[in-house]
Amino acid sequence: MLIAVDGPAASGKGTIAKRLAAHYGLAHLDTGLLYRAVGLATIDKQDAPDFESLAIAAAQNIDTTRFDEEVLSTAEVGLAASKVAQIPEVRKALNTLQRDFLQKPEGAILDGRDIGTRICPDADVKLYITATSERRAQRRTDQLLARGLDVTYTSILQQIEKRDKDDRENPAGAFFQAEDAYLLDTSKLSIEAAFQAALEIVERARG
Ligand code: C5P
């Protein structure tokens with residue numbers, strides 16, 4: 001079974017995808033981490049004249065075994081990720097990695113922005129998870145504060161809105177909900193309720 005989970009930043013898609021993967025015993029890939037790793041590798045070089053080639057090289061040589069999710073999850077790395085995500089050759093290198101991941105015999109769950117539309121258009125089930133930007137900013141602020149990071153709701157809301165805009169207008173291919181994706185708005189749902197709603201959708205879709 002292949003499940004595609006897409007949605008904007010902090011919509012809850014990562015948590016839902018992880019829990020669905022555990023429920024069905026499927027491998028899970030958070031594709032945002034790939035873009036974040038490339039963003040982190042080039043975060044100090046964004047003004048360099050050869051920024052694009054550095055980002056492409058980082059994407060082609062990415063080592064997923066060395067990912068530190070805590071370092072990769074900061075708001076600054078998120079912004080750097082959406083910058084490198086606009087480079088077609090970066091996307092090409094990362095797309096290969098994602099399509100390889102889909103070849104697992106038991107199937108897989110991938111979450112990101114373009115899984116249902118480009119990476120896995122033939123997925124058995126597609127979910128598009130969303131929530132208001134205010135709700136998403138509050139969730140992300142709570143997560144980062146709980147980890148002891150010095151962030152404010154206002155700055156996180158600004159970063160989320162900037163990232164939404166950049167992702168919507170990405171010249172390498174703007175993101176949208178796949179026509180055959182099930183929409184799940186988690187604005188008013190707890191994590192548990194959102195997971196149960198997603199599980200019901202997947203069960204119904206499997207028939
Ligand atoms: O999902 P996450 O917020 O970690 O993604 C970070 C950034 O990586 C996104 O804002 C987006 O620009 C980029 N991304 C992408 N395609 C994906 C996953 C993430 O362009 N499939």
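Taking the helices alone, the chain has a mean residue ellipticity at 222 nm of -16000 deg cm²/dmol, built from -39,500 (n - 2.57) per DSSP H run of at least 4 residues and averaged over all its residues. Springs join every pair of Cα atoms under 10 Å in this Gaussian network model of the chain, and among 187, 53, 133 the largest mean-square fluctuation is at 53.
Membrane-span-like helices in the chain, defined purely by DSSP H runs whose alpha carbon atoms cover 30 Å or more axially and whose average Kyte-Doolittle hydropathy reaches -1.0, do not occur. The label point for residue 104 and the one for residue 22, both projected 7 Å from the Cα toward the Cβ, are 1.5 nm apart.
Calculated accessible area for region 53-207 comes out at 54 Å² per residue, all protein chains present (probe 1.4 Å; ligands, DNA, RNA ignored). Applying both filters, DSSP loop and at most 15 other Cβ atoms within 10 Å, to the GluC sites (Glu not before Pro) of region 136-206 gives 169, 179. Distance between the modelled labels on residue 204 and residue 168, one decimal in nanometres: 2.7 nm (7 Å Cα→Cβ projection).
Could you work out the relative contact order of region 1-101? I mean the mean sequence separation of Cα pairs under 8 Å and 6+ apart, divided by the number of residues, in percent. Once divided by the residue count of region 1-101, the mean separation gives 31 percent. When only alpha carbons are used to place a centre, region 16-94 and region 128-207 end up 18 Å from one another.
Surface composition of region 2-202: carbon and sulfur atoms hold 51% of the protein heavy-atom accessible area at a 1.4 Å probe. Build a GNM of the chain with springs between Cα atoms under 10 Å apart, and of 59, 37, 48 the one that fluctuates most is 48.
Within the listed set 95, 61, 170, the Gaussian network model of the chain (springs between alpha-carbon atoms below 10 Å) gives the highest mean-square fluctuation for 61. The trypsin sites (Lys or Arg not before Pro) of region 134-207 that DSSP puts in a loop, and whose beta carbon has at most 13 other beta carbons within 10 Å, are 147, 188. Using the Cβ-Cβ distance between residue 155 and residue 71 with R0 set to 30 Å, the FRET efficiency from 1/(1 + (r/R0)^6) comes to roughly 0.95. Using heavy atoms of the protein chains and a probe of 1.4 Å, the accessible area assigned to residue 180 is about 90 Å². Give me the percent relative contact order of the chain, please, defined on Cα pairs under 8 angstrom at least 6 residues apart. Averaging sequence separation for qualifying contacts and normalising by length gives 34 percent for the chain.
The values are calculated or read from the model by the stated rules, or taken from the named source; none is laboratory data. Predicted model, so just to flag it, every value in this text is computed and none were measured. Counting neighbours? That spans all protein chains shown, and the Cβs are built from the backbone with ideal geometry, glycine included. These area figures cover heavy atoms from the full protein model, side chains too; ligands, DNA and RNA do not enter into them. Shrake-Rupley method; radii C 1.70, N 1.55, O 1.52, S 1.80 Å.
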